[in-house]
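S.K.: This is the structure I want to talk about, given as structure tokens.
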């Protein structure tokens, strides 16, 4: 073994990441996930209690007693792990129950559960499409969809973000392909806006294309009964495929799925490499996810509260003079445009007791740096008031209140 | 030569900029390193060139560097179409 050359190359790579200001440091959370967490940052710093404004814990179920209890029971009843991929000896009754339950919740015929939605997206395109087919994706789809598309042999077309004229152009351009699949995120994770599924489904019908939606940032809370963006836009019967995760609103552990027509779910199990070569989700996760879906099917209380809190948070930030990305989902990006400003803002928020991370290129387009805040049904109004105060203090200190894009860039640079 | 560069530039603007985007893009503007075109959406540009000029650009040649400016793209195009000015 000789690691000499490797060490030099890898150290240079790390150095470059640091020089570019893109080095990511983990913040150690020393408590369960929730609206208030105990954090050590940097690693050797003393523990600090902060308000959490950046988890995907939309419905506040990550540490919910009923979910924890369901997982505990499953640990006793079905054990800890499967030590197998699904098709050899890794599928328990609860895995299949979860598939049927999520399919029903989403209004689909069937589903195939994977270890993550990243795995679901890695399987989807490669399994269903060949070089004869075309994928037409929104340019801002999640990285895992881009990776999934790259794994397939289908031809890759893409359209400007949520631009329906451009989508129609691409549909016209691809008329000679055997199958065409339009792919979007239901809710785009960085901007918090929704894909206009009503218009997309209309175009899909007109041009005889299928529609796939990654609803990871929507399942459980978007739409009147939380079924997702297809419910919100009234097209539950028109979306062909939904990929989603159990790792965000639905308990937040891990696991994801492809839901759709029977043939699609079946093909995932016959040919999906992440299904065939990766372990099944642990039984406690499967059982707790079933419990989550049961709770969400009984009451819309949590998603209703989330909707109210989101409106309250948006109004508070807007009234304070922050520049927000428009939208009505619990992803509320506070636009700062300049990368260094976003980093500084996040740091000062932390000092004020609020945990919210800055995002900048390459995670978002250049000149679009921001603090992405995310609301949870586990938040109370008091948490948001505290966070709002911190945002105002830092905003005032850094001189960004009341400024729009051009003024911020003029003041802080590109 | 300028006729072809203009054609490519017009396509880039139409395909990658939003209508309200007042960003100035010239033959030397970095498209990929400048964040206008990303590696995922670059494929549209490749398909456009292949169809328009009736060529096949192998993936190995379609590098982010070769596609980074209109000038670079034209240089690449000339490799496949030496008849162009």
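The values are calculated or read from the model by the stated rules, or taken from the named source; none is laboratory data. This structure is a prediction, so every number in the text was calculated from the model and none was measured. Glycine gets a Cβ as well: all are built from the backbone with ideal geometry, and neighbour counts include every protein chain shown.
S.K.: Given the structure, is residue B:80 touching a helix residue (DSSP H, G or I) at 6+ places or on another chain (Cβ under 9 Å) and either within 26 Å of residue A:144 (Cα to Cα) or within 11 Å of chain A (Cβ to nearest Cβ) (or both)?
M.R.: Working: touching a helix residue (DSSP H, G or I) at 6+ places or on another chain (Cβ under 9 Å): yes; either within 26 Å of residue A:144 (Cα to Cα) or within 11 Å of chain A (Cβ to nearest Cβ) (or both): no.
Considered against the rule, which asks whether it is touching a helix residue (DSSP H, G or I) at 6+ places or on another chain (Cβ under 9 Å) and either within 26 Å of residue A:144 (Cα to Cα) or within 11 Å of chain A (Cβ to nearest Cβ) (or both), residue B:80 comes out as no.
S.K.: Please determine whether any residue of the stretch A:369-389 is surrounded by 14 or more Cβ atoms within 10 Å (Cβ to Cβ), touching a helix residue (DSSP H, G or I) at 6+ places or on another chain (Cβ under 7 Å), within 14 Å of chain B (Cβ to nearest Cβ) and within 18 Å of residue A:54 (Cα to Cα).
M.R.: The answer is yes; a qualifying residue exists.
S.K.: Go through (1) touching a residue at least 24 places away in the same chain (Cβ under 8 Å); (2) more than 14 Å from chain B (Cβ to nearest Cβ); (3) assigned to a loop (DSSP other than H, G, I, E, B); (4) over 15 Å from the mean Cα position of the chain (by Cα) one by one and return the number of the condition residue A:204 breaks.
M.R.: (3)
S.K.: Report whether or not residue A:100 is within 13 Å of another protein chain (Cβ to nearest Cβ) and more than 22 Å from the chain's Cα centre (by Cα).
M.R.: Values: within 13 Å of another protein chain (Cβ to nearest Cβ): no; more than 22 Å from the chain's Cα centre (by Cα): yes.
No: the conditions fail for residue A:100.
S.K.: Which residue out of B:66, B:60 is in contact with a helix residue (DSSP H, G or I) (Cβ under 9 Å, 6 or more places away or on another chain) and more than 14 Å from chain A (Cβ to nearest Cβ)? Talk me through it step by step, then tell me what you get.
M.R.: Details: B:60 fails: in contact with a helix residue (DSSP H, G or I) (Cβ under 9 Å, 6 or more places away or on another chain).
Only one candidate passes the filter, namely B:66.
S.K.: Moving on. Looking at the stretch A:345-368, which of the residues that are at pLDDT 95 or above and touching a helix residue (DSSP H, G or I) at 6+ places or on another chain (Cβ under 8 Å) is farthest from the other protein chains (Cβ to nearest Cβ)?
M.R.: Looking at residues that are at pLDDT 95 or above and touching a helix residue (DSSP H, G or I) at 6+ places or on another chain (Cβ under 8 Å), I get A:353.
S.K.: Let me ask something additional. Looking at the stretch A:165-188, can you tell me whether even one residue there is under 23 Å from residue A:117 (Cα atoms), out of contact with any strand residue (DSSP E or B) (no Cβ under 7 Å at 6 or more places or on another chain), crowded, with 19+ Cβ neighbours inside 10 Å and more than 14 Å from chain B (Cβ to nearest Cβ)?
M.R.: For the stretch A:165-188, residues under 23 Å from residue A:117 (Cα atoms), out of contact with any strand residue (DSSP E or B) (no Cβ under 7 Å at 6 or more places or on another chain), crowded, with 19+ Cβ neighbours inside 10 Å and more than 14 Å from chain B (Cβ to nearest Cβ): present.
S.K.: Residue by residue through the stretch B:34-54, note down the ones that are surrounded by 13 or more Cβ atoms within 10 Å (Cβ to Cβ) and in a loop (DSSP other than H, G, I, E, B).
M.R.: At the first step, the residues of the stretch B:34-54 found to be surrounded by 13 or more Cβ atoms within 10 Å (Cβ to Cβ) are B:34-50, B:52-53.
Correct list: B:34, B:35, B:36, B:37, B:38, B:39, B:40, B:41.
S.K.: Can you name every residue in the stretch B:14-29 that is more than 10 Å from chain A (Cβ to nearest Cβ) and exposed (fewer than 13 other Cβ atoms within 10 Å of the Cβ)? Talk me through it step by step, then tell me what you get.
M.R.: So the first thing to find is which residues in the stretch B:14-29 are more than 10 Å from chain A (Cβ to nearest Cβ), and the list is B:20-22, B:24-29.
Those that are more than 10 Å from chain A (Cβ to nearest Cβ) and exposed (fewer than 13 other Cβ atoms within 10 Å of the Cβ): B:20, B:21, B:22, B:24, B:26, B:28.
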